[in-house]
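Heads up: the structure comes next, in structure tokens.
Values quoted throughout were computed directly from the atomic coordinates according to the rules given, and no laboratory measurement underlies them. Note that the structure is predicted; figures quoted are calculated from it, not measured. Using ideal geometry, Cβ is built from the backbone for each residue, glycine included, and neighbour counts are taken over all protein chains shown.
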Amino acid sequence: MSQSVGRFVSLEGIEGAGKSTLANALAAALREHALNVCLTREPGGTPLAEQLRSLVLARGPERISAQSETLLMFAARALHVDNLIRPALQAGDWVLCDRFTDATRAYQGSGRGVSAELIEQLAEAVHGNLWPHRTLLLDLPVEQGLGRSRARAGAGAADRFEAEDRRFFERVRTGYLKIAAAEPQRVRILDATATPALLARAALEALADLLP
Ligand code: TMP
């Protein structure tokens, strides 16, 4: 992180928390501060990483173990960090990333039971001490998040994660809240039941000390 001059912000939360809407609103607000903003997402963000995203999200006949899933997430992340995130930060841009390694901790770690040790080793290998300067955790009850995401996706269109049951997302939510409790300076919890406008305002407040 030493040569990085830009700011790295990640957005996290369960499905239906409103990350994409907030990401777009935040990008527009930051651009009004004359900042160069690179809006991106995980898994994905580069052509090859987007292909890995399609593979890992698709529901197909072949079983993907929790460990394989973790490795695929980190393979996509390695491409993303090397080819987009680091260069953008070195150019002085703000990188606004819809999910990063906290998602692996929450989904594969807390959700699927992959060991924290493995996840932390892979994180160290893939991005070393590059972590978001700030992470906005959009928190809301699982029932509400799933209701929103299912209404959006329509019947039968669920991907491998959206097809999981409520208990899975309860574990993911609890995992996220534990990360926030362990790293309160980096990870800020936002009330995702708020209106989009209020949420955007709270998000900007949570980034205020990073603004020039
Ligand atoms: P999205 O729906 O927010 O775009 O994210 C795609 C899915 O990928 C979402 O269900 C969470 C999942 N995911 C993981 O399980 N682990 C990860 O490390 C990342 C980045 C995403």
Which of 149, 115 has the fewest Cβ neighbours within 10 Å, and the rest in rising order: 115, 149
Please report, largest first and rounded to whole Å, the three semi-axes of the ellipsoid equivalent to the stretch 1-57, where each semi-axis is the square root of five times an eigenvalue of the C-alpha gyration tensor. 22, 17, 11
Across 105, 63, 41, the residue with the highest GNM fluctuation in the chain (Cα network, 10 Å cutoff) is 63
Quick check on the stretch 76-212: take the gyration tensor over C-alpha atoms, sort the square-rooted eigenvalues as a ≥ b ≥ c, and tell me if it's rounded (a/c under 1.5), prolate or oblate. oblate
So, by mean Cβ neighbours within 10 angstrom, what's the order for 117-128, 51-62, 16-27 with the highest one leading? 16-27, 117-128, 51-62
Based on the Cβ-Cβ distance from residue 121 to residue 177, what FRET efficiency comes out when R0 is 22 Å, to the nearest 0.05? 0.40
For the residue 55, residue 28 Cβ pair and Förster radius 25 Å, calculated FRET efficiency rounded to 0.05 is 0.20
Which order, highest average first, do 69-76, 31-38, 174-181 follow once you tally other Cβ atoms within 10 Å for each residue and take the mean per peptide? 69-76, 174-181, 31-38
